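J.: Below are the structure tokens for one structure; questions will follow.
The values are calculated or read from the model by the stated rules, or taken from the named source; none is laboratory data. Just so it is clear, the structure is predicted and the values come from calculations on it, not from any experiment. With ideal geometry, Cβ positions are generated from the backbone for all residues, glycine too; neighbour counts draw on all protein chains shown. The accessibility values were calculated without ligands, DNA or RNA, using every heavy atom of the protein model including side chains. Shrake-Rupley method; radii C 1.70, N 1.55, O 1.52, S 1.80 Å.
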Amino acid sequence: MFFFALFSGVSEAGIKEFFQGLFIDGDIKTNIVLFYIRLPRIIIAILSGACLASSGVLMQAVLNNPLADPGAVGISSGASLAISLVFFVFPGAISFSPVICFIGSVLVSFLILGISWNAGMNSIHIILAGIAVNSVIGGINSFLQLLFSDRLQFALMWMNGSLSGKSWNTVFSLFPYAVVGLILSFVAIKYANIIVLGDETAKSLGLNVGCTRLLLSILASYLAAITVANVGIIGFIGLVVPHTIRILSGGDHRKIMPMSMLLGGFLLLLADTIGRSIVDFMEIPVGTVMTILGGIFFIYLIYRNGRNYREL
Amino acid sequence: MVGIIVSFDINGLKVEYGNYFTLDIDSLFIDTAKITCIIGRNGCGKSTLIKAMCGLIKYPEGNIIYNGREIKHMKAKRLAREIAVLSQKHNDVSAFKVKELISLGRFPYNRFFHKSERDDRKAIEEAVYLTRIENFLERKVNSLSGGELQRVWIALALVQQPDVLFLDEPSTFMDIVCQIELLELIKKLNTEKNIGIVAVMHDLSHVLWLSDDVIMMSNGKVVTSGPVDNVMNSENIRDVFNFDCRIENTMKGVFPSIIINENQKRDILE
């Protein structure tokens with residue numbers, strides 16, 4: 001019952017946002033703006049939010065760590081590096097940047113998972129390998145940015161994740177992959193539930209822990225990578241959303257997963273709407289809005305639910 | 001299955017942990033219709049032995065035959081339908097509700113296209129009834145006391161509907177009432193539900209009261225094993241624990257007591 005209440009709450013607010021985005025704060029209320037600019041943008045926001053949130057849920061389950069997010073397996077750093085390379089070193093390939101971005105993030109996450117696979121696919125090993133690889137790639141990235149600081153502006157738009165100028169083409173290139181990923185996330189729910197019981201208990205329930213952890217991590221990186229490839233890097237949503245939902249609904253992934261998808265979609269749409277309406281003369285990239293808003297929201301959550309938070 | 005003894009048959013088992021510890025068992029037979037307790041000092045390999053028997057760790061050398069099948073060749077899910085384990089360590093699952101947590105014990109029975117809600121519900125109801133956790137099904141795990149939580153973990157194992165239940169130091173961190181309730185529950189599972197019990201225990205009085213068979217271990221080896229009355233005597237305890245005591249069973253139905261002898265008392269104090 002509680003689940004149902006929250007479900008309708010979130011989606012109702014989503015619909016409200018949707019109509020607000022559609023009708024209220026537009027300056028040119030033409031069909032073209034609505035259906036060729038706003039609508040695809042709204043769909044992309046919802047899809048990306050849902051993908052990032054479910055990716056975060058999986059990462060936190062797999063790593064047994066409430067502080068994990070898709071960035072832990074190198075999605076963000078891999079994408080940044082790919083973008084830097086494209087914009088600075090191979091500017092000719094800019095039109096392929098979504099594909100290159102996807103490949104970059106997947107390669108880096110495979111590198112991290114590969115290192116930890118050798119070490120027994122233990123959650124601590126994944127986290128440590130992630131920190132190490134992320135720092136190396138972050139370093140290379142800073143070096144590239146220093147070297148080509150004149151072209152930094154365009155790359156920054158990607159690195160901060162933006163939904164501006166996204167059309168139906170992006171919807172079509174995101175939608176099928178997102179749907180596959182989200183359906184697989186529902187399949188992953190029962191495995192996520194078992195893996196959070198701890199390696200020993202999970203094993204005694206007949207789960208192949210190492211293999212499951214690898215597959216769930218791959219699914220999580222896939223979900224994050226498809227959004228990064230289409231809209232750029234949007235941080236924090238994969239961390240904040242599952243966390244919030246866990247405080248609200250408890251530890252069962254049968255609830256966490258669908259609720260996180262809804263909240264993720266809603267939150268990203270909200271952030272995007274704010275980003276494009278709060279300042280008149282420019283658009284703030286949704287990634288930037290999300291980082292600031294998400295951070296403030298998170299501080300509030302920690303403050304309010306101090307006790308709950310400790311017990312999680 | 002009249003006439004067939006359900007059992008573990010271990011031969012030439014060797015498990016090595018680095019250079020400093022080796023579990024080395026020539027031959028050991030465990031009748032899983034009974035309650036078997038494994039005792040020995042900390043670090044003597046008790047937990048390693050039961051982990052190997054449950055398929056939780058790999059053993060490169062030797063055989064563990066359960067019901068005519070080699071454990072390491074059995075599929076994990078199939079094994080989980082026959083053997084359940086109550087581990088010493090658990091992850092923090094405090095955000096789960098008790099109801100949600102124990103339902104996860106049905107995982108080994110869960111297949112994509114073949115799923116019986118009725119069997120699931122029946123198994124869960126029975127586990128709840130046996131462990132008497134009806135009253136806190138809706139509560140979150142973090143609101144439970146240590147004794148209640150242990151009952152929930154046992155319920156999770158029973159939801160697997162195992163033939164054999166392994167318990168690794170089940171009564172640690174429990175008060176005396178919870179401990180006795182736990183022992184009663186273990187006995188009931190064995191006599192009424194025909195679930196074989198293999199338990200690692202530290203309290204020798206509990207061992208005397210609970211077990212049919214006892215395995216004594218020291219330095220990764222089995223020192224002696226057999227029916228409780230044959231194994232549990234002051235000579236064997238002195239050999240394994242280097243501890244001088246006598247066993248007194250003064251009243252029927254009360255725990256037999258391990259009494260520390262005078263000279264041992266002096267040794268400990270000095």
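J.: Test A:GLY92 against the criterion of being open to solvent by less than 50 Å² (accessible area, probe 1.4 Å) and without any contact (Cβ under 8 Å) to a residue 12 or more places away in the chain, and give yes or no.
T.: no
J.: Could I ask something else about it? Could you tell me which residue of the range A:158-197 is farthest from the chain's Cα centre (by Cα), considering only residues that are at negative phi and part of a loop (DSSP other than H, G, I, E, B)?
T.: Going through the range A:158-197, the residues at negative phi turn out to be A:158-160, A:162-164, A:166-197.
Now drop any that are not part of a loop (DSSP other than H, G, I, E, B), which leaves A:160, A:162-164, A:166-167, A:196-197.
Numbers: A:ASN160: 12, A:SER162: 13, A:LEU163: 14, A:SER164: 17, A:LYS166: 18, A:SER167: 20, A:VAL196: 21, A:LEU197: 25 Å.
Only one residue tops the list, namely A:LEU197.
J.: I've got another one for you. When you check B:ILE83 against the structure, is it touching a Cys at 6+ places or on another chain (Cβ under 7 Å), touching a residue at least 60 places away in the same chain (Cβ under 8 Å) and within 15 Å of B:ILE197 (Cα to Cα), yes or no?
T.: Working: touching a Cys at 6+ places or on another chain (Cβ under 7 Å): yes; touching a residue at least 60 places away in the same chain (Cβ under 8 Å): yes; within 15 Å of B:ILE197 (Cα to Cα): yes.
In short, yes.
J.: Related question: Could you look through the range B:86-104, keep only residues that are in contact (Cβ under 8 Å) with a residue 24 or more places away in the chain and within 7 Å of chain A (Cβ to nearest Cβ), and pick out the one that is farthest from B:ALA155 (Cα to Cα)?
T.: B:ALA95
J.: Additional query: Within the group B:VAL2, B:VAL15, B:VAL85, which residue is at pLDDT below 90, hydrophobic (A, V, I, L, M, F, W, C) and either part of a strand (DSSP E or B) or touching a Lys or Arg at 6+ places or on another chain (Cβ under 6 Å) (or both)?
T.: Within the list B:VAL2, B:VAL15, B:VAL85, the selection yields B:VAL15.
J.: Here's a follow-up. Which of the residues that make up the range B:160-187 are surrounded by 15 or more Cβ atoms within 10 Å (Cβ to Cβ) and at positive phi?
T.: Of everything in the range B:160-187, those that are surrounded by 15 or more Cβ atoms within 10 Å (Cβ to Cβ) and at positive phi turn out to be B:GLN161, B:GLU169.
J.: If you don't mind, there's one more thing I want to ask. Can you name every residue in the range B:166-182 that is within 13 Å of chain A (Cβ to nearest Cβ) and touching a helix residue (DSSP H, G or I) at 6+ places or on another chain (Cβ under 6 Å)?
T.: B:PHE166, B:ASP168
J.: For B:ASP119, state whether it is open to solvent by 70 Å² or more (accessible area, probe 1.4 Å), under 22 Å from B:PHE29 (Cβ atoms) and either away from every other protein chain (no Cβ under 14 Å) or modelled with pLDDT of 90 or more (or both).
T.: No, not satisfied.
J.: Specify the residue that is surrounded by the most Cβ atoms within 10 Å (Cβ to Cβ); the eligible residues are those in the range A:79-89 that are touching a residue at least 60 places away in the same chain (Cβ under 8 Å) and small (Gly, Ala, Ser).
T.: So, considering only residues that are touching a residue at least 60 places away in the same chain (Cβ under 8 Å) and small (Gly, Ala, Ser), the one surrounded by the most Cβ atoms within 10 Å (Cβ to Cβ) is A:ALA79.
J.: Going through B:GLU138, B:GLU125 one at a time, which residue ends up being among the acidic types (Asp, Glu), in contact with a Lys or Arg (Cβ under 8 Å, 6 or more places away or on another chain) and either more than 14 Å from every other protein chain (Cβ to nearest Cβ) or touching a residue at least 40 places away in the same chain (Cβ under 8 Å) (or both)?
T.: Just a single option satisfies the conditions, and that option is B:GLU138.
J.: Can we say A:ASP272 is under 22 Å from A:SER105 (Cβ atoms) and among the charged types (D, E, K, R)?
T.: yes
J.: Residues of the range B:28-60 being open to solvent by 80 Å² or more (accessible area, probe 1.4 Å) and in a strand (DSSP E or B), which ones?
T.: Within the range B:28-60, just B:PHE29 meets the criteria.
J.: Still on this model: Is there a residue in the range A:180-194 that is open to solvent by 50 Å² or more (accessible area, probe 1.4 Å) and away from chain B (no Cβ under 14 Å)?
T.: Within the range A:180-194, one or more residues are open to solvent by 50 Å² or more (accessible area, probe 1.4 Å) and away from chain B (no Cβ under 14 Å).
J.: A follow-up question, please. Would you please name the residue that is surrounded by the fewest Cβ atoms within 10 Å (Cβ to Cβ), looking only at residues in the range A:213-244 that are within 14 Å of chain B (Cβ to nearest Cβ) and in contact (Cβ under 8 Å) with a residue 60 or more places away in the chain? Lay out the reasoning, then the answer.
T.: Just the residues of the range A:213-244 that are within 14 Å of chain B (Cβ to nearest Cβ), to begin with: A:213, A:242-244.
Adding the requirement that they be in contact (Cβ under 8 Å) with a residue 60 or more places away in the chain leaves A:213, A:242-243.
Numbers: A:ARG213: 26, A:PRO242: 29, A:HIS243: 24.
Top of the filtered list is A:HIS243.
J.: Testing B:ARG78 on (1) at the interface with another protein chain (Cβ under 8 Å from one of its Cβ atoms); (2) open to solvent by less than 80 Å² (accessible area, probe 1.4 Å), one condition comes back false. Which one is that?
T.: So the condition that B:ARG78 fails would be (2).
J.: So in the range A:249-286, with the set limited to residues that are more than 14 Å from chain B (Cβ to nearest Cβ) and among the acidic types (Asp, Glu), which one is least open to solvent (accessible area, probe 1.4 Å)?
T.: Once the filter is applied, the top-ranked residue is A:ASP272.
Yes/no matrix, rows are residues, columns are (1) closer than 19 Å to A:SER217 by Cα; (2) of a type in the set (Ser, Thr, Tyr); (3) assigned to a helix (DSSP H, G or I); (4) modelled with pLDDT of 80 or more:
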position: A:ILE233; (1), (2), (3), (4): yes, no, no, yes
position: A:ILE247; (1), (2), (3), (4): no, no, yes, yes
position: A:ARG254; (1), (2), (3), (4): yes, no, yes, yes
position: A:PRO258; (1), (2), (3), (4): yes, no, yes, yes
position: A:LEU262; (1), (2), (3), (4): no, no, yes, yes
position: A:LEU267; (1), (2), (3), (4): no, no, yes, yes
position: A:ASP272; (1), (2), (3), (4): no, no, yes, yes
position: A:GLY275; (1), (2), (3), (4): no, no, yes, no
position: A:VAL289; (1), (2), (3), (4): no, no, yes, yes
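J.: Continuing with this model, one more query. Which ones in the range B:210-249 are surrounded by fewer than 19 Cβ atoms within 10 Å (Cβ to Cβ) and assigned to a loop (DSSP other than H, G, I, E, B)?
T.: Within the range B:210-249, B:ASP212, B:ASN219, B:ASN233, B:ASN242, B:PHE243, B:ASP244, B:ASN249 meet the criteria.
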